[in-house]
Each structure stands twice: as structure tokens, then as C-alpha cells.
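Chemist: Shown below is the structure under consideration.
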Amino acid sequence: MPSDNQSGIESILHENRTFAPAAEFAARSHVGSADARDAMRKRAQDDPDGFWSEVAEELDWFTPWSQTLEWKAPDAKWFVGATTNLCHNCVDRQVAAGFGDQTAIIWEGEPVEDGAPEIRNLTYADLQRETSRFANALKSLGVSRGDIVTIYMPMVPELAIAMLACARIGAPHSIIFGGFSASAIADRVHDASSKVLITADGGWRRGGIVPLKDNVDKACKKNDSLDHVVVLKRCENDITWHAEPSTEHGGKRDHWWSDLVDNASDDCPCEHMDSEDLLFVLYTSGTTGKPKGIMHTTGGYMVHTYLTSKITFDLRPDDDQVYWCTADIGWITGHSYIIYGVLPNRVPSIMYEGAPNFPEADRFWDIVARHKVTQFYTAPTAIRAFMKWGDEHPQKHDLSSLRVLGTVGEPINPEAWMWYHRVIGSECCPIVDTWWQTETGGHMITPMPGATDAKPGSCTLPFPGVDAVIVNDKGEEQPANTGGLLAIRKPWPSMLRGILGDRQRFIDTYWSTIRNADGEPYYFAGDGARRDEDGYFWIMGRVDDVINVSGHRLGTMEVESALVSHDSVVESAVVGMPHEIKGTGIAAFCTLAPGHAPDDALRGALRDHVAKEIGAIAKPDMIRFTDALPKTRSGKIMRRLLRDIAEGRESVGDTTTLEDYTVLAKIRESDEG
Ligand code: PRX
């Protein structure tokens, strides 16, 4: 990696460059020129109803809509009165059109035996049969329309089958990323009042087994809503089995996935769902300690993710494309851009189970070459890790099938952008830097690969129909190159419809910060950004107490709550700090209870404790022990000062409101871990 100084200079040089799509690429893409893109954006702006209706007509509906949008801020209803089913549009629609034999999902497991990994290809017909059988299995456990089913699974085909089966019968799913801990599972299952949870005996990750079922067993002890746990056999992992409801298992009983499915019929018609029926809940971190269940509904989400998949990645079903998004389905990226937006476009979607560096650091490039991947979508944190591992790994493989490269989850630094462009894209693949969120459901600000000139580090222009602006806290639009808050003025089809069970938090978090002169609220994204003289957006990062660690979102308060739940910690404050690979790392400042030694053993214990309470992704990168935390006279922790300390900055800014100056000196002296 270049030195800080050098990388700063390179950043500036790269940021000022633009990269135009190759003419040959543009000629073959859906949107092949800036004029065509601008016409599409203008159309969507002038006539949003007409624009989105036309897109919706490319998909199947059981009953048409009477009105495209009903908007009374903050509540949107899209495709009012229509009925449809997203599993139908992903699967049955393709089978009915004669494409049952085409590959929908290409799955590759992590273990490699005798040089060959396990690969499974699922066609649309396979998915129709398997989602029907599993949907019937769920019904046999008493699941009916509207019941939220929790899924905690590894990246295996059955995860896709389970979520699509839920959509098939109108049971919203709540998928929990396999890296979360037992406590996180218990909280989410409780919040969603799930009666059924689907898991596996384990999943492969970097050569080891993630003990998913064990984590579920621990969560079951703390939870009283669950009745049934469905277990897929993936690893032949030793697990504790509860054939009958048992007190030790919180009154639940376990079922093998295979036993349920073997007895199930493969006939299960898709439920006719109202466009506004809940499709899924996905928990994400916010500014309080408690993650919020973001609600997405059926019709608008389907239309928005379908169109953005098609345009952003230039998906074309009859062009031998193979699309690969490396995210886990447990995050919104996997929901929208491995499954729900991609399958309706009839391009095979790769699902890979494991780590990018198993068995070797070239695993991803080996997958790209073997499957002839055409679109590749990953996170900046992964790109920075690849850079560090060395160019020799991608260079061992033929990456010439690649056409479009994507990034998501955090700002991409221009050096990483240039490396991606040069080493992975051979300087001929457009890079789409897509800005969006769990709450937005689909892409919001993104280049169109055949039409938009890229600038490294900018997510470029809003997608058609997305009215993004930079405002100050009075809601006034900011001039070019002035930093401000990123807000969305008009509703978009895949917008969140609320937070499960917490209407007030939905209003407070997203619809209370920014209003226009007429008092109308705008959607507040929580990000700071600026727009340059060409109208391009540059995301500057979160302006709230959310941090983006390796592209994964965590609330600083969540980590603080986990730390203070340890016997030794009386008070803690967590801030983000720059991290070479993760983008943002976690710095924790802890005040200890009397009798606890501030040593490395305790640091290790606290890291493990956070992993137990939340998951390994939340482990602090640095823990400092302090006698007290710097506070204002009104008792607020001065996070800005802690950020300065975590970043090793000498100047700590204005400290005039600091209650006790000596606190600061003590932290700076405390040894770092
Ligand atoms: O800060 C922004 C950052 O990720 C946040 C959303 O996180 P999450 O809901 O977990 O969704 C991640 C995947 C969509 C945003 O508020 N973010 C996402 N994409 C970008 C980004 N920051 C800069 N550039 C991006 N392309």
C-alpha cells in the first residue's frame, strides 16, 4: 500500500479523472448513451406513474393496479389494489414461458476435494418444484400467510429455496446473517414473534464449520415464541437434537429439512399477494442499541429491484451472461441482488458459500474464470483485501469474461477503484458504484454502465425516478461542492414501509430531520454527501452514530451495550476509526469497575464478549481503558474528541465545553490495544 501522503496525492489525481464506457460496450447495453440515460431520467421525473407502470408491465400480476402511487408522507402505496407474487415472478413465470430448463442459480460450496468444489445448478423448474415442496412443509408446521419465518442459514441453495418458499405462501421472512450470535438471534426472533426458524447443522467458512444450530439452541433458551426449528444437514456436524418439545430447548422441537420435504407435495400454487403485503423484514443497525426490523412490501420492491438489476448490471437473458454478487443473502444486497431482482431478469445468479481466501487467496478469481462470470458485484473492503494479497492471484486466471464490475456498502477509495479497474477489469469494464441502503431496498444513486462516465469514488447520478438532493439541516438545497445531508424528496417503489412494531421510530429516524419550506418531510438517509459541478454525488459517510465496518452496518450503541453487559465495564463509548481494509474499524473506550486489571487478557475477554453478544463482525479493533470518558457539562460524551484520539490526531479541536480536562490526558496516556 502506498504511504498516506502518496495515497492522498493519488486520490486527488484519480478523483479528477473520468472514465467513459467503451463505444463497443455502450452499443450493446440497455442504456447506451448519456442522452438515452437523461431521457429516461427526465421521463421518470415528469411522469413517474407512467414510467414505473411501464416497468411493472414487464412482470406478471394476477390483478392490475388501479393507481400507481398513493403518497401521503411518510406512507407510500405502490401499484394500489394490484395482486402478484414475487416467487411467481422469479420462478414460475420463467417456467411458464418455456425456460424451465435454464439455470437460475449456480451454487458452489466452499470445500475443495481433489481440486474440485461441489457445484449445484438449479434450473427454474428445480426451483419451482423445491420451493413448492418446502412451502408445503412450512404449511405442515402451521405457517400461514402473514406469519414471519426466521431464517438463519449458510449460503446454500436451500436458503434461496426457503426465502422463495416463504414468498410463495405469503409468509414474510426475516433472514439473519449467519455471522450473528445467539443473543442477536433471540432478539430478532422475539421482535418478529416467529413461530418457525430455519437453520442448518452448520456452514463452511474458511475451512471451519460455523455452528449455526448450536447458536440457535442457545437462542431458543431465551425465546418463547418459537415452536419449531427446521434443520438442514449441510456439514454432518454433531448437534444436539430435540425430537420432541423439550424444556431444555425452550419447548421447541427440531425437524430435519429432508424429513419434511420428503413427505411434501410439489404442488403449491403461489398466493395472490396484495402489492403492499409484507414481503420481508430485515434487521439493521440504527443509532440506538436495538436493531430495527425494516419492512419491505411486495409490488414496488419487485419492480424497483427488477429494473435496477437490469439497468445497473446490464442484465440480458439471451446473452450467455453469468452474474455474481459476492454478498451474503443475510444482508439487503443479497436479498435484492442475488435473488429478488436478478431471477426475474432470467440471468443465472451465482451463490458461493464460503470465504474469498479459501483454500487460497485466488478463490474468487478461480470462480470467475470457471463460471465465465460476466457481472461481478462486491464491496470495497473486499477489493482492498485483494489489493493487499497481491496482483498475482487474479493474474493467474482468465478474467476476460467480465463485462461489468460493481461495488456497494461504503465509499470506495480511488486507489481501490483504480486497482479494480486495472487488475480485475483490464481497463475495459465499466465500474458501477451503487449507493443505497437496507431501507431503500434497491439502487438509488448509480452509474449506468453503458451511459455514465465514471469518476473514481463517486456513485455518480440518481437512478431514474430517484429525487436525491443535498440539503442543510433546514432542508435548503446546497450549492455544488458544498457538503450537506443526503435526502430523497419523492417516494420510490422499493422504499421501506416502516419499522416492524415501531411507527414512532420510523417517523423519528427518517422523516423528522429534514423538511422543505412547506413543512413536507424528506427521507433522511443518515449519510453526508456533496454533489459536484456535474451533478455527481460523492458520499462522505454516516452522520449519525452508525458505523460501516467492512461494509456492514453497526450501531455504536449496540457495541457499547454489549461492552457494558460485561461485569468489568461500567461505561463505554464506541467510535469509528480509519482502517486499512475494513474502511472503518471499531475503537472502544471503557471505564472499568473497581478490581479489574486493565490488561490484554481483559481486552481479549471483552472482544470475545462482544462477539458472543452480537457477532464477530462487531469485535472492537482497539480497546482503551480510561478512568472516565470526556463529557460536556450536560453529560454528553464528546465523541468528536474520542474520534480524534482513535485516529491518533494531535489536535483535539475545541474542548471548551469539556467537563474535566484531565480525563482527556488520561485517555491519551492509557496504553492502546
Ligand atoms: O453509508 C452508506 C453506505 O452504507 C449505508 C447503508 O448500509 P446498509 O443498509 O447495510 O446497506 C448496505 C448495502 C446497500 C449507507 O447509508 N453505502 C452503501 N453504498 C455505498 C455507501 N457509501 C458510499 N458509497 C456506496 N456506494
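Chemist: Are there any strands (runs of 3 or more DSSP E) wholly within the stretch 549-639 with 3 or more residues that are more than 16 Å from the ligand (Cβ to nearest atom), and if so which?
Modeler: 569-579, 583-592, 622-626
Chemist: For the stretch 517-543, which positions are surrounded by 18 or more Cβ atoms within 10 Å (Cβ to Cβ) and not aliphatic (A, V, I, L, M)?
Modeler: Result: P521, Y522, Y523, F524, G526, D527, R530, R531, Y536, F537, W538, R542.
Chemist: Would you mention how many residues in the stretch 406-442 are within 13 Å of the ligand (Cβ to nearest atom), more than 30 Å from P74 (Cβ to Cβ) and outside any helix (DSSP H, G or I)?
Modeler: 3
Chemist: Name the single residue, out of those in the stretch 443-476 being outside any loop (DSSP other than H, G, I, E, B) and touching a Gly at 6+ places or on another chain (Cβ under 8 Å), that is farthest from the ligand (Cβ to nearest atom).
Modeler: The residue in question is V471.
Chemist: Taking S336, is it farther than 23 Å from S181 by Cα and among the hydroxyl-bearing types (S, T, Y)?
Modeler: yes
Chemist: Are any residues in the stretch 45-64 more than 30 Å from G519 (Cα to Cα) and of a type in the set (A, V, I, L, M, F, W, C), and if so, which ones?
Modeler: If the condition is that a residue be more than 30 Å from G519 (Cα to Cα) and of a type in the set (A, V, I, L, M, F, W, C), then V55, A56, L59, W61, F62 are the ones that fit.
Chemist: Another question, then. I'd like the full set of residues that are touching a strand residue (DSSP E or B) at 6+ places or on another chain (Cβ under 9 Å) and surrounded by fewer than 17 Cβ atoms within 10 Å (Cβ to Cβ), limited to the stretch 623-639.
Modeler: Result: D627, A628, T632, R633.
Chemist: Would you mind finding the one in I507, I514 that is more than 13 Å from the ligand (Cβ to nearest atom) and either among the acidic types (D, E) or crowded, with 22+ Cβ neighbours inside 10 Å (or both)?
Modeler: After applying the criteria, what remains is I514.
Chemist: Within the stretch 517-548, can you find the residues that are in contact with a helix residue (DSSP H, G or I) (Cβ under 7 Å, 6 or more places away or on another chain) and either part of a strand (DSSP E or B) or near the ligand (Cβ under 9 Å from one of its atoms) (or both)?
Modeler: Y523, F524, I547
Chemist: Assess whether S265 counts as being part of a loop (DSSP other than H, G, I, E, B) and surrounded by fewer than 22 Cβ atoms within 10 Å (Cβ to Cβ).
Modeler: It is true that S265 is part of a loop (DSSP other than H, G, I, E, B) and surrounded by fewer than 22 Cβ atoms within 10 Å (Cβ to Cβ).
Chemist: Another question about this same structure. So, of the residues in the stretch 315-337 that are in contact with a helix residue (DSSP H, G or I) (Cβ under 6 Å, 6 or more places away or on another chain) and more than 16 Å from V373 (Cβ to Cβ), which turns out to be surrounded by the fewest Cβ atoms within 10 Å (Cβ to Cβ)?
Modeler: D328
Chemist: Out of K195, K222, K213, which single residue is at pLDDT 95 or above and either surrounded by fewer than 20 Cβ atoms within 10 Å (Cβ to Cβ) or out of contact with any strand residue (DSSP E or B) (no Cβ under 6 Å at 6 or more places or on another chain) (or both)?
Modeler: Of K195, K222, K213, the one residue that is at pLDDT 95 or above and either surrounded by fewer than 20 Cβ atoms within 10 Å (Cβ to Cβ) or out of contact with any strand residue (DSSP E or B) (no Cβ under 6 Å at 6 or more places or on another chain) (or both) is K195.
The values are calculated or read from the model by the stated rules, or taken from the named source; none is laboratory data. No experiment lies behind these values; they were computed from the predicted model shown. Note that each Cβ is placed from the backbone with ideal geometry, even for glycine, and that neighbours are counted across all protein chains shown.
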